[in-house]
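Notes to accompany the following structure.
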Amino acid sequence: MKLFKKPIFVSISPNAQAGDVFLAIKLVLQPWRWRSGGAPREFAKKLKSYLGIKNVFLFESGRTSLYAILMAIGLKAGDEVLVQAFTCTAAVNPILWVEARPVYVDIDSDFNMSPADLEKKVTPRSKAVIIQHTFGYPGKIDEITRIAKKNKLLIIEDAAHALGAKYKSKKVGAFGDAAIFSFGRYKIMSSVFGGAAVTNNPDIARNLERSVDGWDFPSTFWIFEQLFHPILLSVTKPFYNFFSLGKVAVVIAKKLKLISLSVYSEEKSGGKPPFGPSKMPNALALLGLKQIGKLTRFNEHRTSVANFYKESLFRNSKISIVEFPRSSEPAFLNFPISVQDGDLVRQLIKEGKRRGIYLEVWPAKRVIGPSGTDLKKLGYISGSCPKAEDLSARSLVLPTSPNTTMRDARRVVNLINDFFGK
Ligand SMILES: Cc1ncc(COP(=O)(O)O)c(C=O)c1O
């Protein structure tokens, strides 16, 4: 009977623990600490030392961090930026905001950019390539770097999913000319909304500083919405299995603007969200500081859960899991699986819901999520990335977050094995 079972989530406030919720409550009562303060400097210092990167700039989101980098590298209207399909609007829109053109590259079965397709998509107008480390699995850095060097492309790592992931024993984020991280509500660690642009290149760092000079903090109301998010979710999450009461409460809270959306409607057709571009406010940096103290533990936990899924599911011939090379140590934001067709995805999600397990599809069963994204406006040409189109229709993700216990992971494995047979 699902009514009395703990609901299991992929993305509903998956990193917020009691201490984070108490901190958010404390901050709601201290509005004078919301905008300016010393926390962003402290948070940036911690990130520099964790990543081993010289320059860290904090913003209110990963998408704004990418925008700042694209401005800093001096892209001009009509320049092309190579970006993988199987992504989200937040990873593509900043290209449009600087009036450059996204050119979509297909993926391999590890959900990361295909170097072979990248070679085919480079043109004389190509200026940069974005290496996305999807679900925290490091992209094919060596092959892509070789192609980028040959074609004089700048390399930007999209490490939004991959804080702490390693490639050849070195943390991702320091392989390219610059990189972004996200501390959004569903990422490796969370300040509810937040992001970082990082670089070891002194010229890019100088330009970055110059391009964001004068950017303000987001509005106090938007900061309140972020602080209220973990507080509300901590109360409503336990009631998701109880006639969907938890979900209804969240929908109402969004309508009343007590919590913010993660993607705004204007972004689905390439527009800028209303909160940006802006610097990371003090309150979000305080949430980030609390979480970064737990980051190593979080990533160890994610790895244990992912290893358990791998051991339990690799023999199941009905599902495919990603084989990654020994040189990669993923951060396991999620554990992706693919099945034979989209119908099975739908049925498995339905059966999961019946058992109080809320599995998800990323990026929303299409090459660029979330659902409702206008692919044409984002410059995607239908059929140009067939593997991404195929995999986005028949893959889904399993939860690995700090709030997913090993017992929860066992329930997820039982669901899959019961559904497909062992
Ligand atoms: C692959 C990828 N890149 C970039 C971003 C942007 O991060 P944020 O949500 O912090 O703007 C996201 C998340 O939305 C993402 O999934």
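If only one of SER65, SER61, SER36 is more than 12 Å from the ligand (Cβ to nearest atom) and not hydrophobic (A, V, I, L, M, F, W, C), which one is it? Outline the logic, then answer.
Working: SER65 fails: more than 12 Å from the ligand (Cβ to nearest atom); SER61 fails: more than 12 Å from the ligand (Cβ to nearest atom).
Matching residue, one of SER65, SER61, SER36: SER36.
Out of curiosity, is GLY293 open to solvent by 10 Å² or more (accessible area, probe 1.4 Å) and either over 15 Å from ARG35 (Cβ atoms) or of a type in the set (A, V, I, L, M, F, W, C) (or both)?
yes
Could we say that PHE308 is among the aromatic types (Phe, Trp, Tyr), over 22 Å from TYR240 (Cα atoms) and more than 20 Å from the chain's Cα centre (by Cα) here?
On the way: among the aromatic types (Phe, Trp, Tyr): yes; over 22 Å from TYR240 (Cα atoms): yes; more than 20 Å from the chain's Cα centre (by Cα): yes.
Yes: the conditions hold for PHE308.
I'd like to know if segment 226-241 contains one or more residues that are within 30 Å of ALA24 (Cβ to Cβ), within 15 Å of the ligand (Cβ to nearest atom) and either β-branched (Val, Ile, Thr) or surrounded by fewer than 21 Cβ atoms within 10 Å (Cβ to Cβ) (or both). Before you say what the answer is, go through the steps one by one.
Step one: list which residues in segment 226-241 are within 30 Å of ALA24 (Cβ to Cβ), which gives 226-241.
When the remaining residues are screened for being within 15 Å of the ligand (Cβ to nearest atom), the result is 226, 229.
Narrowing the set further to residues that are either β-branched (Val, Ile, Thr) or surrounded by fewer than 21 Cβ atoms within 10 Å (Cβ to Cβ) (or both) leaves none.
No, that holds for no residue.
Any idea which of LEU286, LEU261, LEU256, LEU313 is touching a Leu at 6+ places or on another chain (Cβ under 8 Å) and either away from the ligand (no atom under 16 Å from the Cβ) or open to solvent by 10 Å² or more (accessible area, probe 1.4 Å) (or both)?
LEU286
Just give me the residues in segment 238-266 being polar (S, T, N, Q) and either at negative phi or within 22 Å of the chain's Cα centre (by Cα) (or both), in sequence order.
Here is the first cut: in segment 238-266, the ones polar (S, T, N, Q) are 241, 244, 260, 262, 265.
Listed by number, the residues that qualify are ASN241, SER260, SER262, SER265.
Does SER182 satisfy the criteria of being open to solvent by less than 10 Å² (accessible area, probe 1.4 Å), of a type in the set (S, T, N, Q) and within 16 Å of the ligand (Cβ to nearest atom)?
Details: open to solvent by less than 10 Å² (accessible area, probe 1.4 Å): no; of a type in the set (S, T, N, Q): yes; within 16 Å of the ligand (Cβ to nearest atom): yes.
Considered against the rule, which asks whether it is open to solvent by less than 10 Å² (accessible area, probe 1.4 Å), of a type in the set (S, T, N, Q) and within 16 Å of the ligand (Cβ to nearest atom), SER182 comes out as no.
In the list ALA253, ALA196, which residue meets the criterion of being in contact (Cβ under 8 Å) with a residue 60 or more places away in the chain and either out of contact with any Asp or Glu (no Cβ under 7 Å at 6 or more places or on another chain) or in a strand (DSSP E or B) (or both)?
Numbers: ALA253 fails: in contact (Cβ under 8 Å) with a residue 60 or more places away in the chain.
Exactly one residue qualifies, and that residue is ALA196.
Working only within segment 132-179, note down all residues that are under 11 Å from ALA331 (Cα atoms) and away from the ligand (no atom under 14 Å from the Cβ).
Those that are under 11 Å from ALA331 (Cα atoms) and away from the ligand (no atom under 14 Å from the Cβ): GLY164, LYS166, TYR167, LYS171.
Which count do you get for residues in segment 367-400 that are closer than 25 Å to PRO7 by Cα and surrounded by fewer than 16 Cβ atoms within 10 Å (Cβ to Cβ)?
Residues meeting the conditions: 1.
For segment 199-210, check the following and say yes or no: at least one residue is outside the structural domain of TRP362 (by TED's automatic domain parsing) and in a strand (DSSP E or B).
Yes, segment 199-210 has at least one match.
Six or more apart or on different chains, Cβ under 6 Å: which pairs go from a residue in segment 337-366 that's over 14 Å from ASN414 (Cα atoms) and open to solvent by less than 30 Å² (accessible area, probe 1.4 Å) to one that's at pLDDT 95 or above and of a type in the set (D, E, K, R)? Could you list them?
Partner pairs satisfying both residue conditions: SER338/ARG394; VAL339/ARG394; GLY342/ARG394; VAL345/ARG394.
Looking at GLY288, GLY271, GLY276, which is the one that is part of a loop (DSSP other than H, G, I, E, B) and either charged (D, E, K, R) or at pLDDT 95 or above (or both)? Please lay out each step first, then the result.
On the way: GLY288 fails: part of a loop (DSSP other than H, G, I, E, B); GLY276 fails: either charged (D, E, K, R) or at pLDDT 95 or above (or both).
One residue alone meets the criteria, GLY271.
The values are calculated or read from the model by the stated rules, or taken from the named source; none is laboratory data. All of these numbers come straight from a predicted model, not from anything done at the bench. We place every Cβ from the backbone using ideal geometry, glycine too, and count neighbours over all the protein chains shown. Heavy atoms of the whole protein, side chains included, go into the accessibility calculation; ligands, DNA and RNA do not. Shrake-Rupley method; radii C 1.70, N 1.55, O 1.52, S 1.80 Å.
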